[in-house]
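The values are calculated or read from the model by the stated rules, or taken from the named source; none is laboratory data. Since the model is a prediction, treat every value here as computed from it, not as a measurement. Note that we place each Cβ from the backbone using ideal geometry, even for glycine, and neighbour counts take in every protein chain shown. The protein model used for the area step is the full one, side chains on, heavy atoms only, and it has no ligands, DNA or RNA in it. Shrake-Rupley method; radii C 1.70, N 1.55, O 1.52, S 1.80 Å.
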Amino acid sequence: MNYLLEGNAAVVGLQWGDEGKGKIVDYLAENAEVVARYCGGANAGHSVRINGVKYATHLLPVGIFRPNVVNCIGNGVVLDPAVLFHEIDEFLKLGVPISPANLKVSYKAHLVMPHHMQEDAARENKAGAGGIGTTKRGIGPTYADKMQRTTAIRVADLLHEDKLKSRVERIVVDRNKQLAAMYDSPPIDWKATYGLYRDYGRRIAPFVDDVGQILIDAARERKRILFEGAHAALLDVDHGTYPYVTSSSCSALGIFSGCGVPPAIVRNYIGIMKAYSTRVGGGPFPTEQDNDTGNYIRERGNEYGTTTRRPRRCGWFDAVAVKYSVALQGITAIAITLLDVLSGLDHLQICTGYRVNGQRVDLFRADMDVLEDAQPIYETLPGWRGNITTCRRFEELPREAQQYVKRLETLVGAPIKIVSVGPDRSATIMR
Ligand code: GDP
Ligand code: IMO
Ligand code: MG
């Protein structure tokens, strides 16, 4: 049994997403009985490689690849039923069993509707280079309607077809007027939308459950629960690099409201960080390397979006930003991923502070105006050569790689317990 799961655990991102949360959740899920997603939607893309075969999930928790795990989609997730059923159908074809026995969907989760996708895309297209660079999956507009309340539709609403019909009619007819006026968008046919979602409702019904109660009962029975974060602390709507963030509470702080569980349920907070930094879409990125180093990292790390295939922006490790994410989320252990990608570089740079208006700053401030002016202050460490993907013990790594990992854990303030040296499930070192 992996001791990190004792007292339950959460796996959360420490940077701007795509840190390899999927890989680590899959690795730890070997000993978990329940895996739960608590935030975001199909903007997430979590990849897993099992015996050389690559799988990517957007909505399904990664525990789906472990036969004895019950997977929960919490109320904090925004669910696009089209994506969910596509994902289920594709995995069923590949022989991954999915049924109401191993997948539970919260009746409180909110639904992504066609008008949300349309609004997200129209807003981004109109803004051009001034946009956020969203995934256009309708995420922001769905959360906005959740807060608006009268214009939202939840999973539970799918189970009452008559009420659903009048609700869809009212909401879509109104939204058509708004979107036509603002973006010249073509109208969405409310009747077709109703028919589509009525059919989704009939298919999703057996999966719909009280996820919060399931998790509370599981905790009482001492079942091992793993919470699967999507996105990351620096994309959190409150604590990230606002407004260049996603629209949910995707740091560890969102687990409790996003699943309907009390904080005492989670003892271990496992932060995932790449050995360098990446980000997709717009927003400040002080250590970005828009040069040969960035290109080297992108190609070796295959840094192209799992959801949108967009090339990810790449740069040096930012210890100031990660130290902030560690403190914010109460991280108790870290998994460092993609260490193998850095092999072959002569030297490595780590950002240990910023210079802002001529002053040295050691604390991260999630404020655009500060970050845009922040000049990174680097510490340089020697690189290493050779392929490290076959190493299975920390001591087998080149001395310089060990030194790099040890320096990072000192700088960010939490122990690095897992080192990932390749995408495959097996390419993992426990320290
Ligand atoms: P997530 O969103 O945090 O789950 O991360 P993604 O799956 O979007 O992106 C991480 C990418 O890195 C995926 O393609 C993984 O297969 C891959 N990956 C994860 N860990 C490692 C590693 O240690 N080495 C290498 N080379 N690839 C890794
Ligand atoms: P995972 O779970 C990386 C980014 C988008 C964009 C911003 C807002 O795979 O780590 P949105 O569509 O959410 O409104 O876009 O947030 N973003 C991610 N970047 N990984 C993710 O998820 C992301 N989810 C959202 O690129 O900049
Ligand atoms: Mg991803």
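Any idea how far the Cα center of the stretch 144-163 sits from the one of the stretch 253-305, in Å? Rounded to whole Å, the Cα centres lie 31 Å apart. Distances between placed amide hydrogens fall under 5 Å for PHE227 paired with ALA9, ALA10, VAL11, ALA36, all partners being 5 or more residues away or on another chain. FRET efficiency for the ASP217 to LEU92 pair, using the beta carbon distance and R₀ = 35 Å, is estimated at 0.80.
The P(r) of the stretch 233-316 has a tail past 20 Å containing 45 percent of all C-alpha pairs. Accessible surface comparison of HIS46, HIS347, probe 1.4 Å, protein chains only, largest first: the order is HIS347, HIS46. Evaluated over the Cα positions of the stretch 110-207, the convex hull gives a direction-averaged projected area, one quarter of its surface, of 6.3 nm².
For ASP80, the solvent-accessible surface computed with a 1.4 Å probe is close to 20 Å², ligands and nucleic acids excluded. In order along the stretch 62-78, phi translates into HN-Hα couplings of 5, x, 4, 8, 10, x, 9, 9, 8, 9, 10, 9, x, 5, x, 7, 9 Hz, rounded to whole numbers, per the Karplus curve 6.51 cos²θ - 1.76 cosθ + 1.60 with θ = phi - 60° and x for Gly and Pro.
When a/c reaches 1.5 or more, the comparison of a/b and b/c decides; with that in mind, is the stretch 36-174 rounded, prolate or oblate per its Cα gyration tensor? Mind dumping the intermediate values first?
Working: a/c = 2.37, a/b = 1.37, b/c = 1.73.
Oblate shape, in that a/c is at least 1.5 and b/c is the bigger or equal ratio.
Estimated at the nearest 10 Å², the accessible area of GLU288 is 60 Å² with a 1.4 Å probe. Amide H to amide H, with H built 1.01 Å from N, GLY133 comes under 5 Å of GLY282, counting only residues 5 or more places away or on other chains. When a/c is below 1.5 the answer is rounded, else prolate if a/b is larger than b/c, else oblate, so apply that to the stretch 72-115 with a ≥ b ≥ c taken from the square roots of the Cα gyration tensor eigenvalues. Oblate is the answer for the stretch 72-115, as a/c is 1.5 or above yet b/c matches or exceeds a/b. Principal axis extents of the Cα atoms in the stretch 290-431, from largest to smallest and rounded to whole angstrom, are 45, 32, 31. The figure for HIS110 is an accessible area of roughly 20 square angstrom, using a 1.4 Å probe on the protein chains alone. Note that the stretch 306-311 has calculated 3J(HN,Hα) couplings of 5, 8, 10, 6, 5, x Hz, one per residue in order, obtained from phi through the Karplus relation 6.51 cos²θ - 1.76 cosθ + 1.60 (θ = phi - 60°); glycine and proline are x.
Need one number: the % of Cα-Cα pairs in the stretch 1-59 sitting beyond the 16 Å mark. Working shown, then result.
Details: 804 of 1711 pairs.
Tail fraction, whole percent: 47.
Over the chain, DSSP H runs of length four or greater, each weighted -39,500 (n - 2.57), average out per residue to a 222 nm ellipticity of -10000 deg cm²/dmol.
What part of the accessible area of the chain, given as a whole %, is carbon or sulfur when the probe is 1.4 angstrom? Show your work: numbers first, answer last.
Values: 8600 of 17400 Å².
About 49 percent, which is the carbon plus sulfur part of the accessible surface.
Each residue of the stretch 29-38 was assigned a 3J(HN,Hα) from its phi angle through the Karplus expression (A = 6.51, B = -1.76, C = 1.60, θ = phi - 60°), giving 5, 3, 10, 9, 10, 9, 10, 10, 8, 10 Hz with x at Gly and Pro. With protein chains left intact and a 1.4 Å probe, residues in the stretch 183-300 average 42 Å² of accessible area per residue. The 1.4 Å probe gives accessible areas that order THR337, THR307, largest first, as THR307, THR337. Report the antiparallel proportion of the DSSP beta bridges in the chain as a percent, rounded to a multiple of 5. In the chain, approximately 40 percent of DSSP beta bridges are antiparallel ones. Here's how it looks for LEU79: its modeled amide H is under 5 Å from those of HIS110, LEU111, VAL112, which are all 5 or more places away or on a different chain.
Judged by the gyration tensor of its Cα atoms, with axes a ≥ b ≥ c, the stretch 1-109 is rounded; a/c sits under the 1.5 cut.
With N denoting the number of residues in the chain, provide Rg(C-alpha) divided by 2.2 N^0.38 Å, to two decimal places.
Details: Rg = 21.5 Å, N = 431, 2.2 N^0.38 = 22.1 Å.
After normalising by residue count via 2.2 N^0.38 Å, the value is 0.98.
When LYS23, LYS406, LYS104 are compared by accessible area of protein heavy atoms, the largest-first order is LYS406, LYS104, LYS23, using a 1.4 Å probe.
Past the 31 Å Cα-Cα mark, which pairs from LYS21/LYS165; LYS23/LYS104; LYS104/LYS163; LYS104/LYS165; LYS23/LYS191?
Numbers: LYS21/LYS165 38 Å; LYS23/LYS104 22 Å; LYS104/LYS163 23 Å; LYS104/LYS165 25 Å; LYS23/LYS191 41 Å.
From LYS21/LYS165; LYS23/LYS104; LYS104/LYS163; LYS104/LYS165; LYS23/LYS191, over 31 Å: LYS21/LYS165; LYS23/LYS191.
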